[in-house]
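Report on one structure; see the data block that follows.
Just so it is clear, none of the values below were taken in a lab; they were calculated from the coordinates. Keep in mind that this is a model prediction, so the values were computed, not measured. Using ideal geometry, Cβ is built from the backbone for each residue, glycine included, and neighbour counts are taken over all protein chains shown.
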């Protein structure tokens, strides 16, 4: 007894749907977001007016400017985590958390990030350029790059410095690596806040 052409087509369609559904169930994507600084006490009221602070776009190397989380398996090999992705663009995640952290630290009552909102005119522009921001085989997560404070006030001079921070991750799970990255951005925020506080 042979199957009719119609029945064969229906059986093939059912098998195809089941296969696609099975693949989807086994390859679901998880999304991650950097967190702000926890348990920061209220910043003291500044004794003098502080300049308006603008956070420029964070610059990243091409291998980090992607939706997927990135880690290293050795000095020369990168892991691109196809099913573990950032909830937004990584550079936007970093600038958002920098902004929130600096607000928590009391860097200035006037602080925002690009694109500047209407009427906002920054007097100091913070530029961050990262060359490294990923997990390494030894279990540490590293943040390497530089920061520049472009002071637009009369007679002011710019400031810049290199950054090399690392933080041990609690484990190798993506959520634990992202938590370590959040702590690194918190440490970077403190550096920037201290540098801003030293400005005349």
With a 10 Å radius around each residue's Cβ, average the other Cβ atoms per peptide and rank 114-124, 77-87, highest first.
-> 77-87, 114-124
Residue 82/residue 187 FRET efficiency (R0 35 Å; Cβ-Cβ; nearest 0.05) = 0.75
Cα pair count fraction exceeding 18 Å, expressed as % - the stretch 91-133 = 29
Expressed as a rounded percentage, what relative contact order does the stretch 50-197 have, with Cα pairs under 8 Å and six or more residues apart?
-> 25
Could you tell me the convex hull volume per residue, in Å³, taken over the Cα atoms of the stretch 50-197?
-> 111
